[in-house]
Amino acid sequence: MVSLKEINESNFRAIVRMRLNEEQSKYVASNVYSLAQAWLYPEEAKPYAIYNDEEIIGFIMLDWDEKEHECGIWRFMIASDQQGKGYGRKALTCALNIIKEAGKFDYVFLDYVPGNVVGKHLYESMGFIETGEIEDGEIVMKLDLHKYNSNE
């Protein structure tokens, strides 16, 4: 079963060592960089290890902005050797459920790099829509949490 767990001493090294293939690495910052950002922004950044049962299979970091009633998916990756198994959809569902259950947010935002067709397809299938905005060269998508219903 796919679940999200906070980054801690027991999973930190596995998250830092996790890599994507060369093609995909241009779509997301390294986990080391992401964890450094989490240290810089401890109030907003919420990094999680993605597990399938007891195996670490990915990383996700939320951008928790209660003042604006918006939460962002700042980083999201499934390890190269774990892709194509449906874990991305399940992990994204877990994250969206955490965000929705907090009861503090109206919308979830994320950005994707143009050319990341797999990511775009996943996000659209989960109900995200493009806003027409470009942020740092990335396409912004938005999900209305009031319309979101988990299928998992």
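If we keep just the residues of the stretch 45-89 that are among the hydroxyl-bearing types (S, T, Y) and crowded, with 18+ Cβ neighbours inside 10 Å, which is farthest from R13 (Cα to Cα)?
Y87
Going through the stretch 111-150 one residue at a time, which ones are of a type in the set (A, V, I, L, M), farther than 19 Å from G86 by Cβ and not in a loop (DSSP other than H, G, I, E, B)?
Once the filter is applied, which keeps residues that are of a type in the set (A, V, I, L, M), farther than 19 Å from G86 by Cβ and not in a loop (DSSP other than H, G, I, E, B), the stretch 111-150 yields I129, I134, I139, V140, M141, L143.
Rundown of residues vs (1) among the small types (G, A, S); (2) closer than 26 Å to G137 by Cβ; (3) touching a Cys at 6+ places or on another chain (Cβ under 8 Å), yes/no style:
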position: R13; (1), (2), (3): no, no, no
position: K26; (1), (2), (3): no, yes, no
position: S30; (1), (2), (3): yes, yes, no
position: Y48; (1), (2), (3): no, yes, no
position: D63; (1), (2), (3): no, yes, yes
position: Y87; (1), (2), (3): no, no, no
position: V108; (1), (2), (3): no, yes, yes
position: G115; (1), (2), (3): yes, yes, no
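Restricting to the stretch 68-110, give me the number of residues that are over 14 Å from the mean Cα position of the chain (by Cα), closer than 16 Å to V2 by Cβ and among the small types (G, A, S).
Result for the stretch 68-110: 2.
Looking at I99 and the list (1) out of contact with any strand residue (DSSP E or B) (no Cβ under 6 Å at 6 or more places or on another chain); (2) under 24 Å from I56 (Cα atoms); (3) of a type in the set (A, V, I, L, M); (4) without any contact (Cβ under 8 Å) to a residue 60 or more places away in the chain, which single condition is not satisfied?
I99 satisfies all of (1) out of contact with any strand residue (DSSP E or B) (no Cβ under 6 Å at 6 or more places or on another chain); (2) under 24 Å from I56 (Cα atoms); (3) of a type in the set (A, V, I, L, M); (4) without any contact (Cβ under 8 Å) to a residue 60 or more places away in the chain except (1).
Would you mind finding the one in W74, W39 that is in a strand (DSSP E or B) and either more than 28 Å from H146 (Cβ to Cβ) or hydrophobic (A, V, I, L, M, F, W, C) (or both)?
None of the others qualify; the one that does is W74.
Out of (1) under 24 Å from E6 (Cα atoms); (2) at pLDDT below 95; (3) touching a strand residue (DSSP E or B) at 6+ places or on another chain (Cβ under 8 Å), what's the single condition that is false for V113?
Of (1) under 24 Å from E6 (Cα atoms); (2) at pLDDT below 95; (3) touching a strand residue (DSSP E or B) at 6+ places or on another chain (Cβ under 8 Å), only one is false for V113: (1).
The values are calculated or read from the model by the stated rules, or taken from the named source; none is laboratory data. Source: prediction; values computed, not measured. Note: ideal-geometry Cβ built from the backbone for every residue, glycine included; neighbour counts use all protein chains shown.
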